[in-house]
1. Tell me which residues, restricted to segment 256-269, are in contact (Cβ under 8 Å) with a residue 60 or more places away in the chain and assigned to a loop (DSSP other than H, G, I, E, B).
2. Of all residues being away from the ligand (no atom under 16 Å from the Cβ) and aliphatic (A, V, I, L, M) in segment 132-146, which is farthest from the chain's Cα centre (by Cα)? Just the residue, please.
3. On the basis of being on the phi < 0 side of the Ramachandran plot, within 16 Å of the ligand (Cβ to nearest atom) and of a type in the set (Ser, Thr, Tyr), does Ser216 make the cut?
4. Test of understanding: among Ala159, Ala128, which residue is free of Cβ contacts under 8 Å to residues at least 24 places away in the same chain, open to solvent by 10 Å² or more (accessible area, probe 1.4 Å), touching a helix residue (DSSP H, G or I) at 6+ places or on another chain (Cβ under 9 Å) and more than 16 Å from the ligand (Cβ to nearest atom)?
5. Of all residues in segment 131-156, which are among the polar types (S, T, N, Q) and open to solvent by 30 Å² or more (accessible area, probe 1.4 Å)?
6. Could you go through segment 307-317 and let me know if any residue there is surrounded by 22 or more Cβ atoms within 10 Å (Cβ to Cβ) and in contact with a Ser or Thr (Cβ under 6 Å, 6 or more places away or on another chain).
7. Identify, please: which residue in segment 198-213 is in a loop (DSSP other than H, G, I, E, B) and open to solvent by less than 10 Å² (accessible area, probe 1.4 Å) and is, among those, farthest from the ligand (Cβ to nearest atom)?
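The values are calculated or read from the model by the stated rules, or taken from the named source; none is laboratory data. Note that the structure is predicted; figures quoted are calculated from it, not measured. Positions of Cβ are backbone-derived with ideal geometry, glycine not excepted, and every protein chain shown enters the neighbour counts. To get the accessible areas, we keep the full protein, side chains included, count just its heavy atoms, and leave off ligands, DNA and RNA. Shrake-Rupley method; radii C 1.70, N 1.55, O 1.52, S 1.80 Å.
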Amino acid sequence: MKPILIALGACALAGCAAEPAGVEVDRTPLHSRMLTLDTHLDTPLHFGREGWRFDARHNFAEDLSQVDIGRMREGALDGGFFTIYTEQGPLTAKGYADALAFARARSDLIDRTIAAYPKLIAPALTSADARRLDDEGKLIAFKSMENSYPLGEDLSLLAEFHAKGVRLAGPVHSADNQFADSATGKGKWGGLSPLGRDWVKEMNRLGIAIDASHASDAAFDQMLTLSKYPLILSHSSLRSAYDHPRNLDEGRLRQLAAKGGAMCISTIFLSEMNLTASRAELFGKYELIGTLSPDDQADLARRWRELDARETMWNADFEKFMAMLLRAIQVGGVDHVCVGADWDGGGGLDGIEDITALPKVTARLKAAGYSDADIEKIWSGNVLRILDRQKG
Ligand SMILES: [Zn+2]
């Protein structure tokens, strides 16, 4: 958000005339003053919930959500990339058609939800849009796509999603698909498929930033080589913090940085995911929360709370998250790290349960000795720079 500047001319009345008249002093805390973005918000999953309002202030324990306009204000999160997430299904004509219908509907749902609060939040396509909205005191809604599965084998559909406002997209999710191997797949292609290589070219042509989170190491390497423009990892953790194929190793972070890209640090896979049968069942219901009645939503939240009291999904906390973030900055440099915690998609840890915890991240970065300018790069500057560089 824009700084609130207090003209000291008025200060004389309050007895603070020691400061020279006319000098403006910034009295807003650093975190609120910066433009802050999160690159991967699964919040659209909640947008269709009966009885749930995006402009309200909810709480995770009561309704399992981590982002809303109330908490964006409280945690001074100015915006982010609201994602069209599509679950991986069969690589068949029917599978593709169903996924496309789903992704189109999800995109429309994002548009309708953002459009419902024009005084509070608005869509953004460029860094200039983001800065203008911030100046106007509005929140910023970029749109992204997690999993390009809905495109089927028709790359011309990418232009449709570009026209719908998508400016960041990843080829794959948790299983290998028609474009690429997943970090958690079986390795069908040895990286990108031939169609996946064309996907990279079309992404570059349209100016949509490539999101390499969820891609296998080989797919990451090939996208880094083939893409004319820098990559983003919208929500990834470091493999040095926890050895898991979904995480990025430090060598690849250096290579990403050398080509101008950035890795947005997540709160997931800082430990093994404790996906017990009970958790898996609740997670399955959670992904469909937008279709549940208010009573069933409340029942799911109650069962989630009860399970949380018995077992946690991640064996990690805010301290571990901060240690990884600081390590990533050390390895990649302040120009190549950003934040994408995976809110509403499985993210959140003890001490960083939802976006209201974000000012603590800024305070820790400051305490670690980073300048205000460096911290703002991490919160938004790096991602906006990469968006600006997506066309020749
Ligand atoms: Zn994800």
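1. Of the residues in segment 256-269, the ones in contact (Cβ under 8 Å) with a residue 60 or more places away in the chain are 256-257, 260-268.
Gly260, Gly261, Ser266, Thr267, Ile268, listed by residue number.
2. Residue satisfying both the conditions and the ranking: Leu133.
3. On the way: on the phi < 0 side of the Ramachandran plot: yes; within 16 Å of the ligand (Cβ to nearest atom): yes; of a type in the set (Ser, Thr, Tyr): yes.
Yes: the conditions hold for Ser216.
4. Checking each option against the conditions leaves just Ala128.
5. Correct list: Ser156 only.
6. Yes: one or more hits.
7. Going residue by residue through segment 198-213, those that are in a loop (DSSP other than H, G, I, E, B) are 207-208, 212-213.
From what's left, open to solvent by less than 10 Å² (accessible area, probe 1.4 Å): 208, 212-213.
Numbers: Ile208: 17, Ala212: 12, Ser213: 6 Å.
Checking each candidate, the answer is Ile208.
For every residue, the table says whether it meets (1) touching a Lys or Arg at 6+ places or on another chain (Cβ under 8 Å); (2) at pLDDT below 95; (3) more than 17 Å from Leu387 (Cα to Cα).
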site	(1), (2), (3)
Leu233	no, no, no
Asp243	no, no, yes
Gly251	no, no, yes
Leu288	no, yes, yes
